[in-house]
Amino acid sequence: MVQWLFGLSFEQLSSMIERFDRAKFRARQLGQALYRDWVPDLEAITTLPAALRTKLTEAGYIVGLPPILQTFRSVDGTERYLIGASGDQTVETVWMPEGDGAEDNDDEADAAPTRKRATICVSSQIGCAVNCQFCLTAKLGIERNLTAGEIAGQVVAVLRQHQVELGRDRINLVFMGMGEPFLNYDAFMDAVRLLVNEVGLPASRMTVSTSGIVPAIERFAQEPLRPRLALSLNASNNEVREAVMPITRKWPIEAVLEAARKVPLAPREKITFEYVLLGGVNESLVHADEVVALARRTGFPVKVNLIVWNPGPGIPYRQPEDEDVQQFQQRLIARGVPAFIRRPRGRDIYAACGQLKKTTEGNS
Ligand code: SF4
C-alpha cells in the first residue's frame, strides 16, 4: 500500500523511521527534505543513505507532495491550479500576486526588502456542505475532507512552483478556498501546525474564514497556535443571512459572535468580517448601518473586507453597482469601522471568491 510521507508531523516521522534506522537525526533529515527543501521524490533525499531510501520505497512510502496538474493564468497575474489529491481527485488552489486589496496582516514594518508578495488561497475540502447561495463551490456538495498533507501540500506545491524563498518573500495564506475548514477541523489544524512548525510560515500571516461553525470556533479559541480569524458574515441581520447562508438557522449571528468573543486576540489583532456584496440583497446603507451596529456589539476589534460578488452560472444574484459598493465602504469608515474592498482577482479563470468549482475553463 502506498503511504504518503508528506503530511506527517515530526513526531510521526520519528516513530515511522525508527523502524528502519535507529539514528535519531534521520527524522530531522527527512523533515528537512520534505518541508524545507520540498523534494519531489525519495531518491532526491541524498542526506539519507541509499539503503534507507530503498527500504522506505520497498515499504510503500512515497514523498507524496501533491502535483500541480493544470494551471490557469488570469490577465491580472492570478493563477488557479488544479492540484492532484488521492483517489484521482483534484483540489483548487489560487496564487494571487501582491495580495487582493484586503488589509495586509503585517503590522510590523519589514526589515528586509522583499522580492515576492503574494497570497495563496487554500482549500480544505473537496466541495462543501455549507450551501451558501452565492457560491459555486456549494453546487458540488461535499465530496470529502482533505487530509493535513493535502492541505499543507497545496501550499508547498505552489511555493515550489514560484520558487519562493521563505524569509525573503512575503506570503500570506488564506484558508478560503473550497470547503469549510471548521468542518474538517482536525486536519485543518494539523496542516496549520505543519506549515508553521515544519515549513516555517508564520501563523500571523495566515487567516482562516469560517461560515460560523460555533463549536469549532470555541475549540479554535483554545489553540495556542492559530491563524487569524475571519467570519464570513455576508449579511447584517439573521433574516437576510438565512436567505443567503442557510447555516444561519443552526447558528445565528449572535451565537457566532459569542463564540468569537472567546478567541484571545494578540495586541492589534482584529477579527475580520468577510462581506460579499450582493446587488439588491445586502448592500444598502441600512445594511451598512446594521453592520456598524454589529461591529460595535462584538466587544472585539473588527475590520470588514467587502467582496464584490463574482457571478457564476446558475447563481441567482446580480453584482452591486460600483457606486453602492463605494457608499457602503464609506459609511462603515465614517462610523469608525475599518473597511476594505477586496479587488476581484482572476475572474476570467474562475479563481475569484466563491468561484472554485473544479472548472477546467480559463486560459491554461
Ligand atoms: S462560501 Fe465557503 S462555506 Fe460557503 S458554500 Fe462556498 S466554500 Fe462552502
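Points worth noting:
- Across the chain, C-alpha contacts under 8 Å between residues 6 or more apart give a mean separation that, scaled by the residue count, equals a relative contact order of 17 percent.
- The loop-placed trypsin sites (Lys or Arg not before Pro) in the range 139-224, going by DSSP, that have at most 13 neighbouring Cβ atoms within 10 Å of their Cβ come out as ARG168.
- Computed per residue of the chain from DSSP H runs no shorter than four, each worth -39500 (n - 2.57), the mean residue ellipticity at 222 nm is -7500 deg cm²/dmol.
- Euclidean distance between Cα centres, the range 220-267 to the range 292-346, Å: 16
- Structural descriptor for the range 208-268: relative contact order 45 percent, calculated from alpha carbon pairs under 8 angstrom and at least 6 residues apart.
- Chain lengthening between ALA129 and LYS250 when straightened (0.36 nm per residue, less Cα-Cα): 42.2 nm
- Student exercise, the chain dipole from Lys, Arg, Asp, Glu Cβ charges, in Debye to nearest 20: 560
- Its relative contact order, with pairs defined as Cα atoms under 8 Å and 6+ residues apart, puts the range 175-329 at 20 percent.
- In sequence order, calculated HN-Hα J values of the range 121-135 (Karplus, 6.51, -1.76, 1.60; Hz; x Gly/Pro): 9, 10, 9, 10, 9, 9, x, 7, 9, 7, 6, 5, 6, 9, 10
- Charge tally for ARG53 (other residues, Cβ to Cβ under 13 Å; Lys, Arg +1; Asp, Glu -1): -2.
- At R0 = 41 Å, FRET efficiency that the Cβ-Cβ distance of ILE62 and GLU242 yields, to 0.05: 0.35
- The charge dipole of the range 38-89, taken about its Cα centre with unit charges on the Cβ of Lys, Arg, Asp and Glu (plus for the first two, minus for the last two), comes to roughly 80 debye.
- Top positive-direction residue, dipole computed over the chain with Cβ charges, set THR90, ALA203, SER124: ALA203
- Highest-MSF residue in the chain out of ASP348, ASP21, ASP289 [GNM, Cα springs under 10 Å]: ASP21
- Prolate/oblate/rounded label for the chain (Cα gyration tensor, a/c 1.5): prolate
- Only Lys, Arg (+1) and Asp, Glu (-1) charged, at Cβ; the range 260-310 dipole about Cα centre in debye: 360
- Cα shape, the range 40-83, gyration tensor, a/c 1.5 rule: prolate
- The phi torsions of the range 77-93, fed into the Karplus equation with coefficients 6.51, -1.76 and 1.60 and a -60° offset, translate into couplings of x, 5, 10, 10, 10, 9, 10, x, 10, 5, x, 6, 9, 10, 9, 10, 9 Hz, rounded to whole numbers, with Gly and Pro shown as x.
- Long-range HN-HN contacts of ASP169 with modeled amide H, under 5 Å: ARG115, LYS116
- The local environment of VAL244, defined by Cβ-Cβ distances under 13 Å, has a net charge of -2 under the rule Lys, Arg +1 and Asp, Glu -1.
- Residues whose amide H lies under 5 Å from that of TYR61, counting only those 5 or more places away or on a different chain, are GLN3; hydrogens are built 1.01 Å from N in the peptide plane.
- Coarse-grained scattering of the range 256-328 at q = 0.13, 0.17, 0.28 Å⁻¹, given as base-10 log I(q)/I(0) from a Debye sum over alpha-carbon atoms: -0.47, -0.72, -1.26
A short reminder: the numbers here are calculations on the coordinates, not readings from a lab. In this text the structure is predicted, and so the values were computed from the model without any measurement. Ideal geometry is used to build each Cβ from the backbone, glycine not excepted, and the neighbour counts take in all protein chains shown.
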